[in-house]
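Participant: Encoded as structure tokens, here's the structure I'll be asking about.
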Amino acid sequence: MSPDNGIIIGDDGLARPLWAASDALMQAYYDHEWGMPVRDEQGMYERISLEAFQAGLSWATILRKREAFRKAFLDFHPESVAAFTEADVERLMQDSGIVRNRLKIQAAITNAKATIALREEGGLVDFVWSFQPDSTPEPRTFADIPTTSPESIALSKALRKKGFAFVGPTTMYALMEAIGIIDTHLVDSHRRGTSGVWIHTGGTTP
């Protein structure tokens, strides 16, 4: 590992940050999914839901439980979750495979309804992507990576106005990182610039 930037060179010769180098599941997520564009409604709703469940916990915890979450929330199909009742909330509170937090479970249901309502205004995907900034961070170390941005603060406020819950600025910044709206891969990482969204430093695809 480089003591300067927290990058680890794996046995495969690829450079990754420490968080993605110590666990096989996290490495696979980093190599193939994190930072790649999500442009479908169901995928976006799932990511918003999982980021909300992650609040206060590690992403590794959520990742290990993701299949259980998908089963519990019917693959995060918005119409299906929007139809959940209080009985479903109680059922989910007994599901040891997920994070059993009543407020977060209720937020997932609330957000499913808000996702459906937002279709009248162009849909959740376009709404979230409309907060893409003009430039992306260029972090060389973990210390260079912000936890919020003006865009994540604005997205948080906008989603709350549309009826979403558990969409704070830090959670929304993590979402923006995870779905490719910004590229916070460390500059020396093998994944830097692979999303196709940012074609060069400070620029976006046409």
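The values are calculated or read from the model by the stated rules, or taken from the named source; none is laboratory data. Nothing here was measured: the structure is a model prediction, and the numbers come from that model. Quick reminder, even Gly has a Cβ in these numbers, built from the backbone with ideal geometry, and neighbours come from all protein chains shown.
Participant: Among Ala143, Ala87, Ala114, which is more than 16 Å from the chain's Cα centre (by Cα) and crowded, with 21+ Cβ neighbours inside 10 Å?
Facilitator: After ruling out the rest, the residue left standing is Ala114.
Participant: Tell me, which helices (runs of 4 or more DSSP H) wholly within region 1-103 include 2 or more residues that are within 23 Å of Thr115 (Cβ to Cβ)?
Facilitator: Qualifying helices (runs of 4 or more DSSP H): 41-54, 59-72, 78-82, 86-93.
Participant: Let me ask something additional. Tell me, which residue of region 160-183 that is in a helix (DSSP H, G or I) and of a type in the set (Lys, Arg) is surrounded by the most Cβ atoms within 10 Å (Cβ to Cβ)?
Facilitator: Arg160
Participant: Assess whether Ser195 counts as being surrounded by fewer than 16 Cβ atoms within 10 Å (Cβ to Cβ) and either outside the structural domain of Asn111 (by TED's automatic domain parsing) or at negative phi (or both).
Facilitator: no
Participant: Given the condition in contact (Cβ under 8 Å) with a residue 24 or more places away in the chain and either hydrophobic (A, V, I, L, M, F, W, C) or touching a Cys at 6+ places or on another chain (Cβ under 7 Å) (or both), answer yes or no: does some residue in region 148-158 qualify?
Facilitator: yes
Participant: For a quick check of your reading of the model, give me the residue pairs whose first member lies in region 80-91 and is outside the structural domain of Thr115 (by TED's automatic domain parsing) and of a type outside the set (A, V, I, L, M, F, W, C), whose second is outside any helix (DSSP H, G or I) and surrounded by 12 or more Cβ atoms within 10 Å (Cβ to Cβ), with beta-carbon atoms closer than 6 Å and at least 6 apart or on different chains.
Facilitator: none
Participant: Condition first: outside any loop (DSSP other than H, G, I, E, B) and surrounded by 16 or more Cβ atoms within 10 Å (Cβ to Cβ). Now tell me which residues in region 146-159 satisfy that.
Facilitator: Glu151, Ser152, Ile153, Leu155, Ser156, Ala158, Leu159
Participant: Let me ask you something else. For region 117-131, what are the residues that are closer than 24 Å to Gly180 by Cβ and surrounded by fewer than 17 Cβ atoms within 10 Å (Cβ to Cβ)?
Facilitator: Arg119, Glu121, Gly122, Gly123, Asp126, Ser130
Participant: Right, next: Please work out if Leu124 is of a type outside the set (S, T, N, Q), within 22 Å of Gly56 (Cβ to Cβ) and out of contact with any strand residue (DSSP E or B) (no Cβ under 7 Å at 6 or more places or on another chain).
Facilitator: When the stated conditions are applied, Leu124 does not pass them.
Participant: Any idea which of Asp31, Asp12, Asp95, Asp40 is of a type outside the set (Gly, Ala, Ser), loosely packed, with under 15 Cβ neighbours inside 10 Å and either in contact (Cβ under 8 Å) with a residue 24 or more places away in the chain or touching a Phe, Trp or Tyr at 6+ places or on another chain (Cβ under 9 Å) (or both)?
Facilitator: Asp40
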